[in-house]
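What follows is a set of notes on a single structure, which appears directly below.
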Amino acid sequence: MNKKIFLVLLLIIILALGSVSILFACSKPANINTVEIYNAPTKTVYKEGEALDLTGAQLRIIYEDNTDSIIEITPDMVSSFDNKKWGRQFLVVSYNDRTATIEVNVVARDVTTTRIDLPEINSNLVEGQNLNLSDAFLYLELEDGEFVTIPITEDMCSGFDPSKTEAQIITVEYKYGDKTVYGEFNVQVAEKSVVSVEVITKPTKEIYYVGEELSLLGGKLHVMYSNGYS
């Protein structure tokens, strides 16, 4: 091959490569029309506190020219996950200003044991007296060994009758997440007795004629009982 022909062929190749480069440079990638979840993650139910697991999660990207591509969903694409909030959550998956959602559910950790702490003085009551729940707590031991402390309130308690002077077993019921847990404590209700009596208002009639009957109209007593009531 003579030098002239070689140069011509080389020029043709250079021009062809240049044309291809220009075509690639001028062509723009198709705009994204929408995105959708192609494959949901394998794990969609989480125990409270568990980290997000996107294994198997894929996003389908649909372009305006009706082509599409499939990509893996990564943690940096996901927002709105709160592993301390019980219930259904919709995770937002973002890609180039387009979004799709993944539904997951966060459930409470299992409760392994329950314990009630009630001061001894609170367990001795007097007839007619309400439950004394000051400094009373329900302790929940969770499956991972962590403890949750719940102040006991009257609406959590059942089985108490302040009119019965006897030993009573009180049931404590509490809903932890989607699980209901129970505990029990004992109280002893003693019969009330009168501690003091005081006249606080004298009867209206104070002067009598011989032979008149006693009138206590308007008279009032203040009676104090052993349970603190009056």
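The values are calculated or read from the model by the stated rules, or taken from the named source; none is laboratory data. The structure presented is a predicted model; accordingly, all values stated were derived computationally and were not measured. Neighbour counts are summed over all protein chains in view; Cβ atoms, including those assigned to glycine, are modelled from backbone coordinates with ideal geometry. The accessibility values were calculated without ligands, DNA or RNA, using every heavy atom of the protein model including side chains. Shrake-Rupley method; radii C 1.70, N 1.55, O 1.52, S 1.80 Å.
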Label-point separation in nm, Glu173 to Gln58, each point 7 Å along Cα→Cβ
4.9
Would you mind checking the tilt of helix 3-26 against the longest principal axis of the Cα atoms of the chain, expressed as 0 to 90 degrees and rounded to 10?
20
By accessible area with a 1.4 Å probe, ligands and nucleic acids excluded, highest first: order of Asp65, Asp135:
Asp135, Asp65
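Only bridges with both residues in region 118-230 count here: give the DSSP antiparallel percent, nearest 5. Intermediate results must be reported in sequence, preceding the final value.
Numbers: 23 of 26 bridges.
Around 90 percent antiparallel, to the nearest 5.
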The answer for the net charge of residues other than Tyr176 whose Cβ lies under 13 angstrom from its Cβ, with Lys and Arg +1 and Asp and Glu -1, is -3
For a quick check of understanding: with a 1.4 angstrom probe and all protein chains in place, what accessible area in square angstrom does Ser79 have, to the nearest ten?
60
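Share of the chain's accessible area from carbon and sulfur, percent, 1.4 Å?
Numbers: 8550 of 15750 Å².
Carbon and sulfur: 54 percent of the exposed surface of the chain.
How would region 143-230 be classified by its alpha-carbon gyration tensor: rounded, prolate or oblate, with rounded meaning a/c under 1.5 and the a/b versus b/c comparison settling the rest? Numbers along the way, then the final one.
Details: a/c = 4.91, a/b = 3.98, b/c = 1.23.
Taking the square roots of the gyration eigenvalues as a ≥ b ≥ c, region 143-230 is prolate.
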Under 15 Å from the Thr112 label point (7 Å along Cα→beta-carbon), backbone N, region 129-170
140-148
Let me check I've understood the local charge: for Lys164, count other residues with C-beta under 15 angstrom from its C-beta, Lys and Arg +1, Asp and Glu -1. What total comes out?
-3
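Test of understanding: given the chain, find the longest segment containing no GluC sites (Glu not before Pro) that are in a DSSP loop and have at most 15 other Cβ atoms within 10 Å.
Counting at most 15 other Cβ atoms within 10 Å as exposed, the longest clean stretch of the chain is 65-142.
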Given an 8 Å cut-off on Cα distances and at least 6 residues of separation, report the relative contact order of region 66-159 as a percent.
18
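Write down, largest first, the equivalent ellipsoid semi-axes of region 77-188 in whole Å, where each equals the square root of 5 times an eigenvalue of the alpha-carbon gyration tensor. Walk me through the intermediate numbers first.
Values: eigenvalues 372, 34, 22 Å².
Largest first, region 77-188 gives 43, 13, 10 Å.
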Comparing Val199, Val210, Val106 in a Gaussian network model of the chain (Cα, 10 Å), the one with the largest mean-square fluctuation is Val210
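Expressed as a rounded percentage, what relative contact order does the chain have, with Cα pairs under 8 Å and six or more residues apart?
Working: 409 pairs, mean separation 27.9, N = 230.
Taking the mean separation of contacting Cα pairs over the length of the chain, I get 12 percent.
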Count the net charge of all other residues whose Cβ sits under 9 Å from the Cβ of Tyr139, scoring Lys and Arg as +1 and Asp and Glu as -1.
-1
In Å², rounded to a whole number, the accessible area per residue of the chain with probe 1.4 Å is 68
